[in-house]
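Here the structure comes first, spelled out in structure tokens, and everything after it is commentary.
The values are calculated or read from the model by the stated rules, or taken from the named source; none is laboratory data. Note that the structure is a prediction, hence the values are computed from the model and not measured. Using ideal geometry, Cβ is built from the backbone for each residue, glycine included, and neighbour counts are taken over all protein chains shown. In case anyone asks, the SASA skips ligands and DNA or RNA and just uses the protein heavy atoms, side chains included. Shrake-Rupley method; radii C 1.70, N 1.55, O 1.52, S 1.80 Å.
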Amino acid sequence: MGLFRSSLEILAEFVNNCDRKGSILQVGVTSLFVPPRDIVDILQKMELVSATDNGLRWKNNQDRIEEINKNKSFYFYSRLDNRKYIRPEFVYHALGFAEVDSVDIASHDDPTFLYDMNQPGAADSIGREYDVILEVGTIEHVFHIPNALWNIASLCKLDGEIIHWAPMNNWPNHGYYQLQPSLFFDFYQHNGFDITEAKIIRTVDDSERTHIARDYTYEKSFQSPIPQDGHKYLFLCRAKKREQREVMSMPFQGAYESHPDWRPGE
């Protein structure tokens with residue numbers, strides 16, 4: 001999924017609040033539909049870059065960012081649509097991450113690792129874990145959601161964090177699925193994680209690509225957390241890994257589990 005200025009502002013603040021910033025893995029290469037001047041403006045407002053007589057001074061990873069610019073790797077051309085995009089690594093280095101990797105099924109966005117997240121075993125294939133796993137609009141395009149979620153969970157270090165940015169309502173044919181808060185809360189709470197922060201994002205105007213975020217508290221019910229107003233909605237959450245698990249636990253939906261008379265069949 002691509003990010004526009006207002007969505008990048010929301011996500012950048014969210015990612016900037018991660019506890020650890022050693023390494024980050026993008027699940028799917030983030031597409032940034034944001035002009036370079038706007039990206040710098042966002043980072044300036046976050047006090048991550050300042051203007052000096054000698055150019056821009058970056059708070060984090062100054063040498064790495066200068067190397068990216070010097071080698072003209074600030075941009076890349078997608079072979080999928082032959083358009084020029086800003087490399088997301090630039091933003092994540094500016095946010096403080098020393099290592100920025102990516103995993104994708106297709107090579108057109110030049111990911112660090114090629115892997116089909118439908119298949120189990122991503123952690124074994126990639127061979128390492130990360131402080132932060134960032135999934136921005138990818139898993140709704142993966143048919144096998146349980147395998148995708150368990151791959152992501154397995155790639156996260158103990159006490160590391162996973163961030164999801166997912167289409168929730170009014171995204172017809174964007175992917176296979178529109179993903180609900182209950183999926184993330186129930187899956188992660190059954191697999192050794194705590195959801196420590198969650199937001200609902202409303203797309204205000206498709207033509208302007210503007211977004212409004214509000215905090216969300218999970219309620220184990222079948223009630224919609226949003227009005228049925230025709231706007232596009234997304235879900236943003238942060239999950240922290242508290243326990244190392246070797247086998248995935250399949251959750252039951254919290255709305256059923258919370259009912260006093262509900263019991264699974266034996």
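A few remarks follow.
- Residues being in a loop (DSSP other than H, G, I, E, B) and either surrounded by 10 or more Cβ atoms within 10 Å (Cβ to Cβ) or among the aromatic types (Phe, Trp, Tyr) (or both) - total across the stretch 251-265: 6
- Of all residues in the stretch 145-203, exactly one satisfies the criterion of being surrounded by 19 or more Cβ atoms within 10 Å (Cβ to Cβ), more than 14 Å from the chain's Cα centre (by Cα) and acidic (Asp, Glu), namely ASP186.
- Number of positions in the stretch 209-241 that are without any contact (Cβ under 8 Å) to a residue 60 or more places away in the chain, of a type in the set (D, E, K, R) and within 21 Å of ALA12 (Cα to Cα): 2
- Residue in the stretch 8-27 that is assigned to a loop (DSSP other than H, G, I, E, B), farther than 15 Å from ILE86 by Cα and touching a helix residue (DSSP H, G or I) at 6+ places or on another chain (Cβ under 8 Å) present: no
- Residues of the stretch 222-246 that turn out to be open to solvent by 50 Å² or more (accessible area, probe 1.4 Å) and under 23 Å from LEU149 (Cβ atoms), as a count: 8
- Selection status of HIS141, of a type outside the set (Asp, Glu), surrounded by 21 or more Cβ atoms within 10 Å (Cβ to Cβ) and touching a residue at least 24 places away in the same chain (Cβ under 8 Å): no
- Look at the stretch 1-30: where a residue is open to solvent by 40 Å² or more (accessible area, probe 1.4 Å) and a partner is modelled with pLDDT under 95 and among the acidic types (Asp, Glu), sitting 6+ places away or on another chain with Cβ atoms under 6 Å, you get ARG5/ASP38.
- Test: GLU161 is in contact with an Asp or Glu (Cβ under 7 Å, 6 or more places away or on another chain) and closer than 29 Å to SER221 by Cβ: yes
- Counting the residues of the stretch 204-221 that are open to solvent by 70 Å² or more (accessible area, probe 1.4 Å), in a loop (DSSP other than H, G, I, E, B) and either within 29 Å of GLY160 (Cβ to Cβ) or of a type in the set (Asp, Glu) (or both) gives 5.
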